[in-house]
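> Before I ask anything, here is the structure I am working with.
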Amino acid sequence: MGKFSALVKFAAVAGPAVVKVVQKYGPTLTELRKSNPEVFDAVQNQVRKMAEARKAGKSPEVLHRRIAALRDQVAYLRQSADDEGERQRAEDWRVKLDKIEASLPLLSAMSSKAAARERAHIDARIDELSSEILSAYIDEQEEDARQLES
């Protein structure tokens, strides 16, 4: 199996939001695979982490794993930010992830029906953030790779 097809398979498991990002960035990722395989591998590794966490279900532990995968990307974005706007955007994502993670212990205090509804809501919120963060992560990886080539 080729590297790009493996990435697509990981994205499919990671969820529809991640699939859309991979489709949107298909040409960019294809070029990165050729010109900067290590950058492509970094993106693929992040999508793989997202897929592994997603396929494990929606338990609070799994939701923690999904958040952890996004935290890795946010940490990279914060570290490689080129200006205050990028730093602030990464910080905003970190705060959102903190808030989601802080809500997870409350699930055990809810009725099973309410907890299931809340887990679905949290899952959807993580999907939304996954799309935003992964898009920024790919953009930043590509930008950093271009700067290294210069």
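Values in this text are rule-based calculations from the coordinates and carry no lab data. Predicted model, so just to flag it, every value in this text is computed and none were measured. Heads up, the Cβs are rebuilt from the backbone with ideal geometry, glycines too, and the neighbour counts pull from every protein chain shown.
> Just how far, in whole angstrom, is the stretch 1-46 from the stretch 86-117 if you go by their alpha carbon centroids?
Rounded to whole Å, the Cα centres lie 27 Å apart.
> If you project the alpha carbons of the stretch 40-150 onto their three principal axes, what span does each projection cover, largest first, in Å?
57, 27, 16
> So which of LYS58/LYS113; LYS24/LYS96; LYS3/LYS34 end up more than 18 Å apart, counting from Cα to Cα?
Correct reply: LYS24/LYS96.
> Let me ask something else about it. Can you give the direction-averaged projected area of the convex hull of the alpha-carbon atoms in the stretch 19-73, in nm²? The partial results should precede the final answer.
Values: hull surface 15.4 nm².
Convex hull of Cα atoms, orientation-averaged projection: 3.8 nm².
> For labels at ALA109 and GLN79 in the simple 7 Å Cα→Cβ model, what's the distance in nm?
With each label point 7 Å from Cα toward Cβ, the separation is 3.6 nm.
> Then there's this: Multiply the residue gap between ALA68 and THR30 by 0.36 nm, knock off their C-alpha separation, and tell me the result in nm, one decimal place.
Separation in residues times 0.36 nm, less the Cα-Cα distance, equals 11.0 nm.
> What list of ³J(HN,Hα) couplings, whole Hz, do you get for the stretch 30-44 from phi and the Karplus terms 6.51, -1.76, 1.60, once you set θ to phi - 60° and write x for glycine and proline?
4, 5, 4, 4, 7, 8, 9, x, 5, 6, 4, 4, 5, 5, 4
> Let me check against my output: what whole-number percent is the relative contact order of the chain, with C-alpha pairs under 8 Å and at least 6 apart?
The value is 29 percent.
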